[in-house]
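First comes the structure, then the notes that go with it.
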Amino acid sequence: MPRWLNRVAAVLTVSLVVGGCASVPAEYRDPRDPWQPFNRAVFKFNTDFDNAFLKPAAQGYRFVTPEPVDEGITNFFNNVADATSAVNNVLQFKLSRAGSDVGRVFINTTVGFVGFFDVASNVGLPSYKEDFGQTLGYWGFGAGPFVMLPILGPSSVRGTFGLAGDIVLDPFFSLEEDEIYWGFVTLRVVDRRADLLAAGDLMDEAAIDPYTFMRDAYLQRRRNLVHDGNPPQADDDGILWEDTPPAEP
């Protein structure tokens, strides 16, 4: 099987496994989260995995990496994300945003030394970071039930399929050497986790129920992103396919 099929199959397998867990006890009444028993079990696994592996790795990375280098690595991966954002903005016919993304990639890749420095923000080009899940939402796919993915964290049915699209659109996806590809993936994950160390500690201290806090924060943020900060009043984002025209760019 080709490498790219292996990578996408991993994500789709998760969605199929989750799809089989549709039995909902009566006491779980949140319509956005009908698979809550399964999701809570995965959340506990993710928390244990994070405490055992990801958080210590992020803390070690933060300890040995000088702050300018850490910021440069974050900028590098943000530059890669701008490239995939440009594609998604084109798919959503948001051409002015796509132009801004392309401009950011060009400036940061050249003047910013392959994205190590975020020169584009300094010259006034905004960053949008559109993903394929947002593209699906733009074209009328509802979010569907909330899903907690193993290792990957909070998502939805739409977000899970969007994640598969993001993998295909990722510039690193075309790398032939698996060792290099997974090296970039690992560095990206550890760098992102290091950036979230303070936020994670704050959530643990502030939230009575961290699972509910994470779920609600994720769903609210994703709804705002799909609707470009102006979600409709009606809570109609749970339908998998909605026969309405897409939002205006």
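Relative protection proxy for 124-132, 183-191, from highest mean packing down: 124-132, 183-191 (other beta-carbon atoms within 10 angstrom).
The length gained by stretching the chain between V189 and R221 to full extension, at 0.36 nm per residue less their Cα-Cα distance, is 9.5 nm. Solvent-accessible surface of protein heavy atoms, probed at 1.4 angstrom with all chains present, puts W35, W139, W182 in the order W182, W139, W35, largest first.
What accessible area per residue comes out for the range 96-237, rounded to a whole number of Å², with a 1.4 Å probe? Could the numbers behind the result be given before it?
Details: 7450 Å² over 142 residues.
It amounts to 52 Å² per residue over the range 96-237.
The convex hull of the Cα atoms of the range 78-148, projected and averaged over all directions, covers 5.4 nm². Taking the square roots of 5 times each eigenvalue of the Cα gyration tensor of the range 78-203, largest first, gives ellipsoid semi-axes of 23, 20, 16 Å. Taking a straight line from the alpha carbon of K129, these lysines sit under 16 Å away, with near neighbours fewer than eight places off in the same chain left out: K94.
The values are calculated or read from the model by the stated rules, or taken from the named source; none is laboratory data. Computed from a predicted structure; not experimentally measured. For neighbour counting, all protein chains shown are included, and Cβ atoms are generated from backbone atoms with ideal geometry for every residue, glycine included. Please note that ligands, DNA and RNA were not included when accessible areas were found on the heavy atoms of the full protein model with its side chains. Shrake-Rupley method; radii C 1.70, N 1.55, O 1.52, S 1.80 Å.
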